[in-house]
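Reviewing the structure listed below.
The values are calculated or read from the model by the stated rules, or taken from the named source; none is laboratory data. Bear in mind that the values here come from a model prediction, so they are computed numbers and not experimental data. Because the Cβ atoms are built from the backbone with ideal geometry, glycine has one as well, and the counts that use them run over all protein chains shown. Accessible surface is based on the protein model in full, side chains and every heavy atom, while ligands, DNA and RNA are left aside. Shrake-Rupley method; radii C 1.70, N 1.55, O 1.52, S 1.80 Å.
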Amino acid sequence: MISYKQEDALMQWLNEPPNWQQIGDLLIVKTAPKTDFWRITHYDFIRDNGHFYFNTVSTDFIAEVKIRGSYQDLYDQAGIMLRVD
């Protein structure tokens, strides 16, 4: 896990991607192959090796995101994720 810059000091990576950069408020990520997040599918597997840039929050919050991708392969996707402890 890493912190990227001073004002994002609380942002961390779970499964940091091999290629990423942050330019202002833009985060550019090239994912590693065969990475994903799935919980107990009908095939009975769990996958938790996707790239997740996150901050721990313990209060109400509002998240606004705009996602654009160069999706090329079946199941390529991006989104916003909440993990609840």
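Of note:
- Pair list, Cβ under 9 Å, 6 or more apart: segment 30-51 residue farther than 17 Å from Q12 by Cβ and charged (D, E, K, R), other residue open to solvent by less than 70 Å² (accessible area, probe 1.4 Å) and part of a loop (DSSP other than H, G, I, E, B): K30/P17; K34/N49; D36/N49; D36/G50; R47/T35; R47/D36; R47/T41
- Matching residues, segment 46-58, being surrounded by 10 or more Cβ atoms within 10 Å (Cβ to Cβ) and more than 14 Å from K34 (Cα to Cα): F52, Y53, F54, N55, V57
- Residue tally, condition under 22 Å from L74 (Cα atoms), in a strand (DSSP E or B) and open to solvent by less than 90 Å² (accessible area, probe 1.4 Å), over segment 21-38: 3
- In the condition set (1) without any contact (Cβ under 8 Å) to a residue 12 or more places away in the chain; (2) surrounded by 13 or more Cβ atoms within 10 Å (Cβ to Cβ), L14 is compliant with all but (1).
- Of residues in segment 59-79 being open to solvent by 100 Å² or more (accessible area, probe 1.4 Å) and closer than 15 Å to F37 by Cβ, the one modelled with the highest pLDDT: Q77
- Those residues of segment 62-85 which are more than 20 Å from L26 (Cα to Cα) and either among the aromatic types (F, W, Y) or touching a helix residue (DSSP H, G or I) at 6+ places or on another chain (Cβ under 6 Å) (or both), in sequence order: Y75
- The sole residue among I62, I80 that is part of a loop (DSSP other than H, G, I, E, B), without any contact (Cβ under 8 Å) to a residue 12 or more places away in the chain and of a type in the set (V, I, T) is I62.
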